[in-house]
Amino acid sequence: MNHHIVSPEVHEHHTQEQESMKMLGFWIFLVTDVILFGTLFATYVVLVHNTAGGPDGKELFELPGIVAETFILLTSSFTSGIAVLQMQAKKVNGMIFWLIITALLGLSFIYLEISEFVKMVHEGATISTSAFLSAFFTLVGTHGVHVSVGIGWVIALMIQLKKYGITTVTKRKITNFSLYWHFLDVVWIFLFTVVYLIGVM
Amino acid sequence: MLDKIKDFAADFFVTGDPLIYGADVSIVLVTIAIVFVLTYFKKWGWLWREWLTTVDHKRIGIMYLIASLLMLFRGGVDALLMRTQLALPDIPFLKAEHYNEIFTTHGTIMILFMAMPMMFALFNMVVPLQIGARDVAYPFLNALSFWLFFLGAMLLNLSFVIGGSPNAGWLSYPPLSELSGSPGVGQNFYIWGIQISGIGSLATGINFLVTILKMRAPGMKLMKMPLFTWSVFSTCVTIIFAFPILTITLALLFIDRYFGAHFFTMDGGGMPMMYINLIWMWGHPEVYIVILPAFGIFSEIVATFSKKTIFGYKSMVFAMMIISILSFFTWVHHFFTMGSSADVNAFFAISTMAIAIPTGVKVFNWLFTMFRGRITIKQPMLWTLGFIPCFLIGGATGVMLAVAPADFQYHNSYFLIAHFHQVLIGGVVFGYLAGMYYWWPKLFGFKLDEKIGTWAFWLWNIGFYVCFLPQYWLGLDGMTRRVYTYSWDTGWASLNFISTIGAFLMGAGFILQVWQIVYSIRKGERDTTGDPWDGRTLEWSIPSPPAHYNFAVTPDGSHMDAWWHVKQQLKAGIKPPKQELEPIHMPKNSAVPIVMSTFWFIAGFGFTFGWNWMGISGLIGVIVCLFVRSFTYDVDYYIPVDEVKKTEAKMGRAI
Ligand code: HEM
Ligand SMILES: [Cu+2]
C-alpha cells in the first residue's frame with residue numbers, strides 16, 4: 001500500500017536505517033546468548049565431578065569423533081564467510097552455493113553429535129545417570145539446538161535469496177546469520193576445551 | 001469410557017473448594033459477557049484490527065496497563081485471603097496446602113505479572129514520546145513481547161482452576177519444587193508461565209535499549225535525555241544481563257522434572273544450592289529492575305511539579321547506573337544463613353549496604369529539587385510524596401537486614417515480609433501509580449479525578465502502615481513467614497489483627513481507584529492542550545491522545561527539558577523554525593505475534609500436563625509463525641502528507 005507516495009530513494013533510506021538498527025539488536029541478542037551459555041558453563045563446571053558413581057568424562061569421551069566435529073564446524077564457519085564475500089561481490093548463485101555447503105556441514109556436525117549421544121546412552125550414560133551427565137547433555141545439547149536452528153534459518157534465507165536477490169533486507173539477514181554461525185563456532189571452541197579436552201585429561 | 005472421562009475430569013479440573021467454584025463461575029460468566037458484548041455491538045473486527053494485531057506502542061502500553069491492573073486485583077485478592085486467614089489464631093479458613101498455593105501465586109503474580117507489565121506499560125506509553133520518536137525500534141517484536149507476557153500470565157492463572165497451583169514459593173526452591181516435592185502439574189504451570197513471559201521481557205529489554213540508543217530526536221545527546229528514559233535505559237541493561245539466567249534456571253528445573261535429570265535433586269549428585277544461587281542472581285537484579293523506573297518517574301514528576309530542572313542531573317544518571325551494576329553483586333544476602341564463609345557473607349553485606357549510597361543521593365536530589373520550588377500537589381505529586389517516607393523506612397530496614405550476623409535473627413521472619421513489601425509497595429506500586437496518574441491524560445486525553453484519587457491515596461497509605469508496621473514487631477517476636485496459622489499463646493493475635501485491617505484498607509483504596517477510572521471516563525477533566533501539567537519534556541508538546549504517528553514533524557531534542565525550552569522561547573517571542581511535512585513511515589499491523597504466542601501457550605500447556613503431542617504441535621506452530629514472518633517483506637507503509645495535515649487539523653493543530 002502507498003509505497004508510491006515516496007520516492008524509491010527515500011524508501012531505501014528508511015529501509016537502510018531500519019536494517020542497521022536490526023543489526024544492533026542482533027548483536028545485543030548475542031550478548032544475551034553469551035550469558036545464557038555462560039550460565040550453562042558455570043553449571044557444568046560446578047557439577048562436573050558429581051558423577052554419583054556413574055561414568056566420568058574420561059571414560060566416555062572419544063576425542064577422534066569430537067575432533068572431527070570441531071573440524072567440520074570450523075570449516076562451515078569458513079564457508080559461511082565465503083558466502084558473505086560472494087554477497088559483497090553481488091554473486092547470488094555463488095552465495096547460495098556456499099550457503100548450501102555450510103548447511104550440509106552443519107547437518108553432518110549434528111549427525112555426528114547425535115550419534116555420539118546415542119552411543120553414550122547405549123552405554124548407560126543418560127541425562128538421569130548423574131548431575132555431571134545432566135549438565136553435559138544440556139550444555140552440549142543447547143549448542144546443538146542452536147546449530148539446528150541455524151540450519152533451518154539458512155534454508156529459509158536461501159529461498160528468500162532466490163526470490164528477492166541481494167537487497168538491503170536479505171543482506172542484513174545473511175550478515176546476521178553469519179554472525180550467529182561464527183558465534184556458535186566460538187562457543188564450540190569453549191565447549192571443546194572445557195568439556196572434552198579437560199574431560200579426558 | 002464414561003468412567004475414564006470422569007476420572008480425567010476429576011484429575012484435570014480442580015474441585016472441592018468454594019473459592020474455586022466461585023472462580024469457575026466468574027470465568028464462565030466473564031467470558032460469556034465479553035463474547036456477548038463484542039457480538040452484540042459487532043466489535044470483533046474492530047478488536048482484531050485496532051488492538052489484537054496492533055503494533056502501535058501506545059496501544060500496546062494500554063494493553064499492558066489493563067492486564068497489570070487485572071493482575072493487581074488477582075494478587076490483591078490472594079493477599080486478602082492470606083491476611084484473613086492470619087487475622088486471628090486458629091482460623092480454619094484456608095488449609096495449609098491452600099495457603100502455600102496462595103502465597104506462591106501471590107508473590108509470582110505480583111512481581112512478574114503485575115509489576116513487570118506495569119513497568120512495560122510505562123515504557124511503551126512514554127519512552128518513544130519522550131525521546132521524540134515515532135515508534136520503538138522493533139514494533140513487531142514489541143507486540144510479540146506483549147502477547148508472550150499475556151499468554152504466559154494466563155497460563156499461570158489457569159492453574160488455579162485446572163490441574164492445581166504451584167506451592168513452592170515464588171522462587172520455587174528445590175527440593176520442594178522438584179518432582180519428589182511437587183509431583184503435580186502446578187510447578188510446571190509455574191515454569192512455563194514464567195518462561196514464556198520471560199522471553200517477552202528479554203525482548204522488551206533489547207527493544208527499548210536500541211530504541212533509546214538509536215531513535216532519539218536529533219540533537220538529543222545521551223546526557224540530554226529525560227531521567228525517565230535514563231531509568232529505562234539502566235533497567236534494560238539489567239534485564240539483558242539478568243533474564244538469560246532466569247531462562248536457564250527454569251529450563252534446568254524443567255529438565256530435572258521432565259527428563260529425570262539431576263541438576264538440583266537431592267540424589268544423583270544434584271545441588272539444590274546451585275538453584276538458590278542461580279535464581280537469586282536473577283532475583284536480586286529483578287528487584288532493581290522494577291524499582292529503577294520508579295526512580296525515573298519520581299524524577300520527572302518532582303521536576304514538573306516543582307517547576308524546576310531536576311537537581312543534580314548527572315549524579316542521578318550516575319546513581320542509576322551504579323545501582324544496576326551493584327544489583328548483580330548482592331545476591332548472597334538472600335541466604336546469609338546457609339553456611340557460606342564469613343568472608344563471603346561480609347563481601348555481600350558490604351555490597352548490599354553500598355546500594356544505600358546512590359539511593360540516598362537520589363532522595364536528596366528530589367528533596368533539593370522541591371526545595372524553593374513552586375510546588376503544586378496533584379495526584380502524581382501526592383503519590384511521590386507518599387513514596388519518600390515509605391522508601392526511607394524500607395531502605396533503613398533493608399540495611400538492618402544486610403547486617404549478616406543480625407540476619408540470623410530476621411531471616412525468613414515477618415520482619416523480612418514487612419521490609420520487602422515496604423519497598424515493593426512503597427517504591428514500586430506507589431511509583432508506578434504516580435506514573436500512571438502523570439501520563440494518563442497524555443494517553444487517554446482526560447485526567448483522573450483528583451477528589452476520588454485523594455481518598456484512594458490516603459486509604460492506600462494509611463492502610464499500608466497499619467498493615468506492615470505491626471509485622472516488623474511480629475517478626476522480632478518470632479513469627480516466621482509462610483505459616484498458615486498460629487496459636488493464642490504466641491501472643492501475636494492483636495498485631496496480626498491490626499495488620500489485616502490495614503490490608504483491607506488498601507483493598508478499599510484499590511476499589512476507589514477503579515471507581516476513579518470509571519467516573520473519570522465520563523466526567524474527568526478533558527485535556528485539550530496536550531500539556532495539562534505544564535510539562536518539561538517532549539511528550540507534552542503533542543496533542544493528547546497523540547496521533548498514531550506521534551510527531552507530525554520531528555522535534556528538536558538539543559536542549560535539556562526540550563519542551564520547556566520551546567515554551568520559554570515562545571514566551572520571549574522566538575518562534576521555532578517552520579518545518580516541512582513529509583510522508584511518515586509506519587509499520588503495518590500483524591497477526592503473527594498473537595498467533596505465535598498462542599502456540600507458545602499451547603506448547604506450555606501441553607508440556608505442563610506431559611502431553612508431548614500437544615507440546616510438540618505448539619512448538620511446530622511457533623516455528624511456522626517464525627517462517628511466515630521471515631517471508632513477509634511487505635511490513636511498512638507511508639502516511640501521505642495530506643492525511644497528516646488532516647489529522648493534525650482535527651486535533652486542533654495547524655501545520
Ligand atoms: C496490596 C497489599 C499486599 C498485601 C496485604 C500482601 C500480603 C502478603 C502476605 C500476607 C504474604 C505472605 C506472607 C507469608 O505468610 O509468608 C505475602 C507474600 C509476598 N508478597 Fe505480598 N502483599 C501485598 C502486595 C504485594 C505486592 C505489591 C508485591 C510485589 C510487587 C508482593 C509480593 C510478595 C511476595 C514476593 C511474597 C512472598 C511470597 C513467597 O513467600 O513465596 N506483595 N504478601
Ligand atoms: Cu536481594
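Does residue B:126 qualify as being away from ligand 1 (no atom under 11 Å from the Cβ), within 14 Å of chain A (Cβ to nearest Cβ) and among the β-branched types (Val, Ile, Thr)? No, not satisfied.
Results for (1) in contact with a Pro (Cβ under 8 Å, 6 or more places away or on another chain); (2) in a loop (DSSP other than H, G, I, E, B); (3) modelled with pLDDT of 90 or more, shown as yes or no for each residue.
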position: B:543; (1), (2), (3): no, yes, yes
position: B:547; (1), (2), (3): no, yes, yes
position: B:551; (1), (2), (3): no, yes, yes
position: B:554; (1), (2), (3): yes, yes, yes
position: B:560; (1), (2), (3): no, yes, yes
position: B:566; (1), (2), (3): yes, no, yes
position: B:576; (1), (2), (3): no, yes, no
position: B:579; (1), (2), (3): no, yes, no
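Residue by residue, here is whether (1) under 24 Å from the mean Cα position of the chain (by Cα); (2) over 30 Å from residue B:636 (Cβ atoms); (3) not assigned by the TED database to the domain that holds residue B:448 holds:
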residue: B:522; (1), (2), (3): no, yes, no
residue: B:562; (1), (2), (3): no, no, no
residue: B:589; (1), (2), (3): no, no, yes
residue: B:595; (1), (2), (3): yes, no, yes
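The residue list A:65, A:25 contains one member that is out of contact with any strand residue (DSSP E or B) (no Cβ under 7 Å at 6 or more places or on another chain) and within 14 Å of another protein chain (Cβ to nearest Cβ), which is A:25. Condition (residue is away from chain A (no Cβ under 11 Å), under 29 Å from residue B:313 (Cα atoms), crowded, with 22+ Cβ neighbours inside 10 Å and not polar (S, T, N, Q)) applied to the range B:232-254: is it met by at least one residue? Within the range B:232-254, one or more residues are away from chain A (no Cβ under 11 Å), under 29 Å from residue B:313 (Cα atoms), crowded, with 22+ Cβ neighbours inside 10 Å and not polar (S, T, N, Q).
Of the residues screened, residue B:394 is one that is within 16 Å of ligand 1 (Cβ to nearest atom), more than 30 Å from residue B:63 (Cβ to Cβ) and free of Cβ contacts under 8 Å to residues at least 40 places away in the same chain. Residues in the range A:38-59 that are surrounded by 14 or more Cβ atoms within 10 Å (Cβ to Cβ) and within 9 Å of chain B (Cβ to nearest Cβ): 11 in all. The residues on offer are B:109, B:66, and the sole one that is buried (at least 22 other Cβ atoms within 10 Å of the Cβ), away from chain A (no Cβ under 14 Å), under 26 Å from residue B:431 (Cβ atoms) and more than 16 Å from ligand 2 (Cβ to nearest atom) is B:109. Only one entry in B:424, B:401, B:385 is farther than 18 Å from residue B:294 by Cα and surrounded by 15 or more Cβ atoms within 10 Å (Cβ to Cβ), namely B:401. Close contacts from the range B:316-337, counting a first residue that is within 15 Å of residue B:359 (Cβ to Cβ) and of a type in the set (Val, Ile, Thr) and a second that is assigned to a helix (DSSP H, G or I) and more than 16 Å from ligand 2 (Cβ to nearest atom), with Cβ to Cβ under 6 Å and a gap of 6+ residues or different chains, come to B:317/B:230. For the structure I just gave you, tell me whether residue B:632 is among the β-branched types (Val, Ile, Thr), in a loop (DSSP other than H, G, I, E, B) and touching a Ser or Thr at 6+ places or on another chain (Cβ under 8 Å). So residue B:632 fits the description; yes. Residues that are of a type in the set (A, V, I, L, M) and within 14 Å of another protein chain (Cβ to nearest Cβ): which helices (runs of 4 or more DSSP H) entirely in the range B:269-363 hold 1 or more of them? Once the helices (runs of 4 or more DSSP H) in the range B:269-363 are filtered for at least 1 residues that are of a type in the set (A, V, I, L, M) and within 14 Å of another protein chain (Cβ to nearest Cβ), what remains is B:272-306.
Of all residues in the range A:129-168, those being facing chain B (nearest Cβ under 10 Å), over 18 Å from residue B:248 (Cα atoms) and of a type in the set (Ser, Thr, Tyr) number 4.
The values are calculated or read from the model by the stated rules, or taken from the named source; none is laboratory data. What you see is a predicted model; the values in this text were computed from it and never measured. Positions of Cβ are backbone-derived with ideal geometry, glycine not excepted, and every protein chain shown enters the neighbour counts.
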